[in-house]
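The values are calculated or read from the model by the stated rules, or taken from the named source; none is laboratory data. Note that this is a predicted model, so its numbers are computed, not measured. Glycine also receives a Cβ, built like all others from the backbone with ideal geometry; neighbour counts cover every protein chain displayed.
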Amino acid sequence: MIQLKFFKTFVRSFFGLTLIFVLKVFGAEDVTKKINEIKEAAQSENEKALKELESSKAWEKIVNSIQNKNSTYKANENRGEAVPEEIEKKDEAWKKWNKDSQLAKKDGKAQPVTESFIESILGNPCSEELRNFKNKKTGILEIFVMDRMGANVCAADPTSDYDQGDEAKWKKPFLEAVSPFVDLPTRDSSANAYQTQVSSLVKNKKGEKIGVITIGLKKDH
């Protein structure tokens, strides 16, 4: 117990000192200004991308895919604090598969067998449309869609997990009507760029909310 308490104190102190160092070097105002500039640019690019998607034939496939996935849940079933058992099991399987895939790729080994439910998501027409759209846009690093429970519907590339329902990218647009929700930019050293996820509510033709789409946008440093 003492060791755990010490570790938690150390972690808090370490990250606290790191933050203080960054603020001293760059200045709090400069850091805030930089973050706001990146978020504003991402929101602008997201608006353009969404407008293009919504006016394309791909959008109908996206909406239909979300509605089809939503129909697999009970009518009165909603996302609460507790993760639905089915989603939790799939999330664990997805994360294990993704971790094994990354390790196999790194070690030059054969890829692990993809479970059928994962293949049904990454290999469906909606995912194909997202991949085609992403490949045409150099500024988009990732794009994926979630249903009304926060679970994956389709994705241009494999996400790290299946369940997004416990994250702000789903909660803010779907539960709190903050759409678009612009998350804090993160630094991608391999791409020498900042990535900012922008998540937007997806509605059907009746104007009913059915899911969320997240687009990860790059801003070169």
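Output yes when any residue across region 186-207 is out of contact with any strand residue (DSSP E or B) (no Cβ under 9 Å at 6 or more places or on another chain), of a type in the set (D, E, K, R) and not in a strand (DSSP E or B), and no when none is.
Checked region 186-207: at least one residue is out of contact with any strand residue (DSSP E or B) (no Cβ under 9 Å at 6 or more places or on another chain), of a type in the set (D, E, K, R) and not in a strand (DSSP E or B).
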message: Taking the condition of being closer than 22 Å to residue 195 by Cβ, of a type in the set (Gly, Ala, Ser) and exposed (fewer than 12 other Cβ atoms within 10 Å of the Cβ), how many residues in region 45-87 meet it?
response: 0
task: Answer with yes or no whether residue 90 is of a type in the set (Lys, Arg), within 21 Å of residue 140 (Cα to Cα) and assigned to a helix (DSSP H, G or I).
output: no
task: Name every residue in region 41-79 that is over 18 Å from the mean Cα position of the chain (by Cα) and acidic (Asp, Glu), in order of residue number.
output: 52, 54, 60, 77
- request: Could you grab the pairs with beta carbons closer than 6 Å, sequence gap of 6+ or different chains, first residue in region 80-98 and of a type in the set (Val, Ile, Thr), second one at pLDDT 90 or above?
  value: 87/151; 87/163
query: What is the residue count in region 101-121 for residues that are hydrophobic (A, V, I, L, M, F, W, C), surrounded by fewer than 18 Cβ atoms within 10 Å (Cβ to Cβ) and either within 16 Å of residue 90 (Cα to Cα) or under 19 Å from the mean Cα position of the chain (by Cα) (or both)?
result: 2
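In region 111-125, how many residues are under 11 Å from residue 97 (Cβ atoms) and in contact (Cβ under 8 Å) with a residue 12 or more places away in the chain?
6
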